[in-house]
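S.K.: The structure is given below, and queries will be raised subsequently.
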Amino acid sequence: MFSPISAIALAKGVHPDELDIDQDGPFYAYSIAFNGFVAKLTQEEAQSMKRMEGVLNVVKDMVVANLHTTHTPEFLDLNPSYGIWPVSHFGEDVIIGVIDTGIWPESKSFDSDDRFRLEITLGMPY
């Protein structure tokens, strides 16, 4: 098994000492849920890495150019001129993972007992 630096160097056809870490990576290494790393590769280098022993998959990063909602900045009260939003380069390179476990039909929120619904709506019926 190769180290990320060795694997990237091998895919690029250079000695590990010749690898430009700032340009080529690894930029990030994963080691909790699975083992992997992030690197900048050409299509040919990615194909070379795919053929390496011990490599299960090589996945191209998906670039998301636009927000999936037009209301998030306003909802979070983000200002494009000052504050954390421009300081963080407008969320560039930020990955947010959401695990949706769905709803639980047995929850009291779905109970047909109107008394419970009145309690959670402060006495106002739906």
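The values are calculated or read from the model by the stated rules, or taken from the named source; none is laboratory data. Keep in mind the model is a prediction, meaning the values are calculated, not measured. For neighbour counting, all protein chains shown are included, and Cβ atoms are generated from backbone atoms with ideal geometry for every residue, glycine included. Note: areas computed on protein heavy atoms with side chains; ligands, DNA, RNA excluded. Shrake-Rupley method; radii C 1.70, N 1.55, O 1.52, S 1.80 Å.
S.K.: Select from segment 1-41 the residues that are over 19 Å from residue 93 (Cβ atoms), open to solvent by 70 Å² or more (accessible area, probe 1.4 Å) and of a type in the set (S, T, N, Q) and list them in ascending order.
M.R.: Scanning segment 1-41 gives 31, 35.
S.K.: Does segment 51-94 hold any residues that are open to solvent by 100 Å² or more (accessible area, probe 1.4 Å), in a helix (DSSP H, G or I) and modelled with pLDDT of 80 or more, and which are they?
M.R.: Once the filter is applied, which keeps residues that are open to solvent by 100 Å² or more (accessible area, probe 1.4 Å), in a helix (DSSP H, G or I) and modelled with pLDDT of 80 or more, segment 51-94 yields 87, 89, 90.
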